[in-house]
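All remarks here apply to the structure that follows.
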Amino acid sequence: MFDRLTAQNFQIDFRSHAKAILGADFPEVAVQLEEVLLASTIPIEEIIGSGGGEAKGTQRLRNALKQRGWRKHSFIVQRIIDGIEREAQSHEVDHVRTFEGGTVALEIEWNNKDPFFDRDLENFKRLHADGAISLGIIITRGSGLQDTMRSLVRRYADEKEINSHADMDRIGLSPTRRQIEEVRKRVEREKNPVPFREAWVEQFVSDKFGAATTHWSKLEDRVRRGVGNPCPLVLIGLPASIVTFGENPTVVQELLEEEKDADEDDKNAV
C-alpha cells in the first residue's frame, strides 16, 4: 500500500491498525490519495508569493481532493438528556468523504503553528469515539522538505536575483516592517554581516517555516505521546520533490488567486 508514494520519498505512517482498516474497508481511499498526491505539485511562487504560512500552499492538492468529493464539513455532536439539549460541540474538518464502509476525515497542515496538530488529532479522537469517522488522515511537510526549504528558497532568490527590497518589489513581494527590519539587522550588523540575499532567505525560512510550525517531526512527536489515540491514523509527509520551479506564470497566478478567495471564504465563515 502506497508503494508508489514511498518510492517518491513520501513519508507514510499508520497508527492504530489504520493500514488494515484502509485496506479492508477503504481501498478506494488509498487509490485516490496515491493518484492525487503523485499528480500534485506546489510551485515555488505559491510558497514565496503567498508569504509561506499565510496561504494554503497546497492549492492543487486541495482542488484535486474536492473534485473527488472530499468537502469541508462541520460535525455537530449534541448531548441530549430527556429531550433537552445540554451541550453541543462542532468539529470542522477541511476534507471529509463518506464511503460504503464509513466516513474518512482528512486535514492538510501545510504551514500552521504546530498546536494545530493537537486540534486535528483531538478532533479525530472525539469523532472516532462518537462513531462519526472511521479513520483520520493528516498530510504535512515531510522531513526532507522541511530540511530542504532553505535551499529551495535560496534557489528562488538566486533565479530572481533578489539583492534589495527594490528587487522584492519588482517581483511583487511585500514584506512587513518587522521582516524588513530583521533583514536590515542581518545586513548591517558589525559582526559577521551577510549579503542581502542570504539575509532575506534566512529571515523568510526561519520566520515562515521554523521549528514551531506544522511539519513531520512535530506530528510524529505528538503521535508518539498518544495524542489522538486510539483513532486509526494515516500520516503522510510531502517530499521536497513536490516543489517545482519554472511553471507557467499565468497558471501560478491563478493558484494564488484561488488561495486568496479560499482565505476570504474562511474568514467570512468565522
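The values are calculated or read from the model by the stated rules, or taken from the named source; none is laboratory data. Because the structure is a prediction, the values reported are computed rather than measured. Positions of Cβ are backbone-derived with ideal geometry, glycine not excepted, and every protein chain shown enters the neighbour counts. Heavy atoms of the whole protein, side chains included, go into the accessibility calculation; ligands, DNA and RNA do not. Shrake-Rupley method; radii C 1.70, N 1.55, O 1.52, S 1.80 Å.
Values as computed for the structure displayed
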quantity	calculated
HN-Hα J in Hz across segment 127-134 - Karplus 6.51, -1.76, 1.60, θ = phi - 60°, x for Gly and Pro	5, 5, 4, 8, x, 7, 9, 9
Distance-filtered residues of segment 223-245 - backbone nitrogen under 19 Å, label point 7 angstrom along Asn63 Cα→Cβ	242-245
Theoretical gain in end-to-end length, Arg79 to Glu35 [0.36 nm per residue, Cα-Cα removed]	11.9 nm
Percent accessible area from carbon and sulfur atoms, segment 1-135, protein chains only, probe 1.4 Å	44
Loop chymotrypsin sites (Phe, Trp or Tyr not before Pro), segment 1-37 (other Cβ atoms within 10 Å of the site Cβ: 16 or fewer; DSSP)	none
GNM flexibility winner over the chain from Glu46, Glu190, Glu181 (Cα, springs under 10 Å)	Glu190
Residue among Leu256, Leu173, Leu219 with the largest mean-square fluctuation in a Gaussian network model of the chain, springs linking Cα atoms under 10 Å	Leu173
Check: the chain dipole with +1 on Lys, Arg Cβ and -1 on Asp, Glu Cβ, in debye	680
Rounded to whole Hz, the Karplus (6.51, -1.76, 1.60) HN-Hα couplings of segment 67-76, x for glycine and proline	5, 9, x, 8, 10, 5, 8, 10, 7, 10
Cβ-derived FRET efficiency at R0 22 Å, Arg71 paired with Ser206, nearest 0.05	0.05
Heavy-atom accessible area ranking, 1.4 Å probe, most first, across Ile80, Ile108	Ile80, Ile108
Computed lengthening from Asp147 to Val251, 0.36 nm per intervening residue step minus Cα-Cα distance	34.7 nm
Residue-by-residue Karplus 3J(HN,Hα) for segment 165-173, coefficients 6.51, -1.76, 1.60, Hz, glycine and proline x	5, 5, 5, 5, 4, 4, 9, x, 8
Calculated FRET efficiency for the pair Asn9/Lys185, C-beta based, R₀ 35 Å, to 0.05	0.45
Prolate/oblate/rounded label for segment 1-112 (Cα gyration tensor, a/c 1.5)	oblate
Size of electric dipole in segment 1-131: Cβ of Lys, Arg +1 and of Asp, Glu -1, about Cα centre, debye, nearest 20	180
Principal-axis tilt of helix 143-160 within the chain, Cα atoms, nearest 10 degrees	40
Accessible surface of segment 137-267 [probe 1.4 Å, protein heavy atoms]: carbon and sulfur percent	47
Choice from Gly172, Gly210, Gly144 with maximal GNM fluctuation in the chain (Cα, 10 Å cutoff)	Gly172
Environment charge at Thr41 (Cβ cut-off 12 Å; Lys +1, Arg +1, Asp -1, Glu -1)	-2
Selected from Ala39, Trp200, Leu106, residue furthest toward positive end of dipole (the chain; charges at beta carbon)	Trp200
Given charges at Cβ of Lys, Arg, Asp, Glu: the chain dipole, positive-most of Met149, Ala30, Phe245	Met149
Radius 15 Å from Cβ of Ala166, net charge of other residues (Lys, Arg +1; Asp, Glu -1)	+1
Other-chain or far-sequence residues with amide H under 5 Å of Thr244's (modelled H)	Ile42, Ile44
Residue-normalised accessible area of segment 1-152, expressed per residue, 1.4 Å probe, Å²	46
Amide H within-cut-off set for Glu92, under 5 Å, with H built and near neighbours excluded	Phe75
